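A quick write-up on the structure given underneath.
The values are calculated or read from the model by the stated rules, or taken from the named source; none is laboratory data. Please read all numbers here as calculations on a predicted model, not as lab measurements. With ideal geometry, Cβ positions are generated from the backbone for all residues, glycine too; neighbour counts draw on all protein chains shown. Accessible surface is based on the protein model in full, side chains and every heavy atom, while ligands, DNA and RNA are left aside. Shrake-Rupley method; radii C 1.70, N 1.55, O 1.52, S 1.80 Å.
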Amino acid sequence: MSDSTFSRLELDERGVAWLTLVRPEVHNAFDDRLIAELNAHLERLHDAAHHGEIRAVVLGSEGKSFSAGADLGWMKRMVEYDFDGNLADSRKLSALMHGLDTLPCPTLCRVQGAAFGGAVGLAACCDIVVASEKAKFCLSEVKIGLSPAVISPYVQRAIGPRQMRRYALSAEVMDAPTALALGLAHQVVAAEALDDAVATLLDTLLAGSPQAQRATKGLLAEVAREPDSKATREHTCRVISELRVSAEGQEGLASFFEKRRPAWTNESDNRVAENKAAEPRS
């Protein structure tokens with residue numbers, strides 16, 4: 001789909017977008033340049049997902065680390081910024097977290113190794129996190145006199161306020177089983193099984209209705225804001241009613257009663273078949 005200096009965005013034949021950090025030489029640490037690239041990618045992904053052109057997004061990285069957090073060179077430059085400069089810089093990171101968190105389609109985060117600082121926020125913004133048993137997570141900011149401020153809404157939502165207090169204040173390293181127990185990760189697998197686990201989850205996601213998944217993500221965000229307000233209850237009624245009468249909803253119900261696969265899975269299968277048919281044969 002597009003290549004940039006520090007990241008890569010690719011779209012496969014099933015409509016899955018692979019967003020990959022490609023700075024393995026610095027453990028995929030991010031700076032203002034990488035943040036700008038990711039924000040540009042996310043803007044494109046929002047538009048494509050809204051129009052149903054993308055079924056899911058996988059966020060990952062090259063090398064042994066998922067991301068070491070902030071790049072040292074970037075941190076040195078930030079020391080020279082005044083308050084307004086720091087505020088502008090922080091708003092760009094905030095836009096990245098918000099953009100990832102609000103993508104209309106399902107998002108899956110592949111964590112193969114260390115995820116420190118802001119990288120914990122990237123994981124927390126994704127719908128599903130699959131981690132290698134070698135993965136480690138750390139809200140390391142207080143150790144250098146800072147705070148996990150911009151990522152705090154997303155990480156606290158994932159692990160809860162009580163656990164957030166502990167790990168944000170202590171900067172302890174969470175191993176993969178701890179991240180799983182806290183709710184930061186959804187699945188932990190052996191390092192060699194990580195790609196297979198991602199593939200299995202993608203197959204499961206692609207079996208769902210694209211329209212229903214977009215509607216459900218929006219619905220859950222609304223429910224989280226006001227769980228039991230009259231407006232939220234009315235919104236939930238409208239969402240299910242709109243889905244029931246939609247073409248995709250009607251197809252889903254018909255396929256269920258007729259004991260066949262729904263059209264959107266057939267379309268995905270057809271794309272794969274067409275892609276394989278186009279491959280050169282030995």
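Taking the numbered list (1) surrounded by fewer than 16 Cβ atoms within 10 Å (Cβ to Cβ); (2) in contact with a helix residue (DSSP H, G or I) (Cβ under 8 Å, 6 or more places away or on another chain); (3) in the same structural domain as Ser246 (by the TED database) in turn, Gly183 passes all entries but (3). Kindly list the number of the only condition in (1) charged (D, E, K, R); (2) out of contact with any Lys or Arg (no Cβ under 9 Å at 6 or more places or on another chain); (3) more than 18 Å from Leu202 (Cα to Cα) that fails for Lys134. Failing condition for Lys134: (2). Filtered by the rule that a residue be at pLDDT 95 or above and out of contact with any Leu (no Cβ under 9 Å at 6 or more places or on another chain), the stretch 51-62 gives no residues.
When the stretch 130-145 is filtered for residues that are part of a strand (DSSP E or B) and open to solvent by less than 30 Å² (accessible area, probe 1.4 Å), the ones remaining, listed by number, are Val130, Ala131, Ser132, Phe137, Cys138.
This table checks each residue for (1) in the same structural domain as Phe66 (by the TED database); (2) of a type in the set (A, V, I, L, M, F, W, C); (3) closer than 19 Å to Asp127 by Cα.
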position: Ala193; (1), (2), (3): yes, yes, no
position: Val198; (1), (2), (3): yes, yes, yes
position: Arg214; (1), (2), (3): no, no, yes
position: Lys217; (1), (2), (3): no, no, yes
position: Thr232; (1), (2), (3): no, no, no
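Criterion applied to Ala115, Ala124 was being assigned to a helix (DSSP H, G or I), buried (at least 22 other Cβ atoms within 10 Å of the Cβ) and either among the small types (Gly, Ala, Ser) or in the same structural domain as Ser65 (by the TED database) (or both), and the one residue passing it is Ala124.
Considering only the stretch 65-80, state which residues are out of contact with any Cys (no Cβ under 9 Å at 6 or more places or on another chain), open to solvent by less than 80 Å² (accessible area, probe 1.4 Å) and farther than 16 Å from Arg33 by Cα. Ser65, the sole residue that qualifies. Of all residues in the stretch 28-83, exactly one satisfies the criterion of being without any contact (Cβ under 8 Å) to a residue 40 or more places away in the chain and either of a type in the set (Val, Ile, Thr) or not assigned by the TED database to the domain that holds Leu100 (or both), namely Val79. For the criterion of being out of contact with any Lys or Arg (no Cβ under 6 Å at 6 or more places or on another chain), of a type in the set (A, V, I, L, M, F, W, C) and over 23 Å from Cys138 (Cα atoms), Ala95 fails.
Residues that are aromatic (Phe, Trp, Tyr) and modelled with pLDDT of 95 or more within the stretch 16-38 comprise just one, Trp18. Mind listing just one residue for me: the one in the stretch 229-282 that is under 21 Å from Ala17 (Cβ atoms) and open to solvent by 70 Å² or more (accessible area, probe 1.4 Å) and, of those, modelled with the highest pLDDT? Among residues in the stretch 229-282 that are under 21 Å from Ala17 (Cβ atoms) and open to solvent by 70 Å² or more (accessible area, probe 1.4 Å), the one modelled with the highest pLDDT is Glu267. Scanning the stretch 154-190 for residues that are more than 12 Å from Ala135 (Cα to Cα) and polar (S, T, N, Q) returns Gln156, Gln163, Ser170. Candidates in the stretch 1-57 are the residues that are part of a loop (DSSP other than H, G, I, E, B) and acidic (Asp, Glu); of these, the one that is most open to solvent (accessible area, probe 1.4 Å) is Glu53. If you go through the stretch 154-174 and pick out every residue that is open to solvent by 30 Å² or more (accessible area, probe 1.4 Å) and without any contact (Cβ under 8 Å) to a residue 40 or more places away in the chain, you end up with 11.
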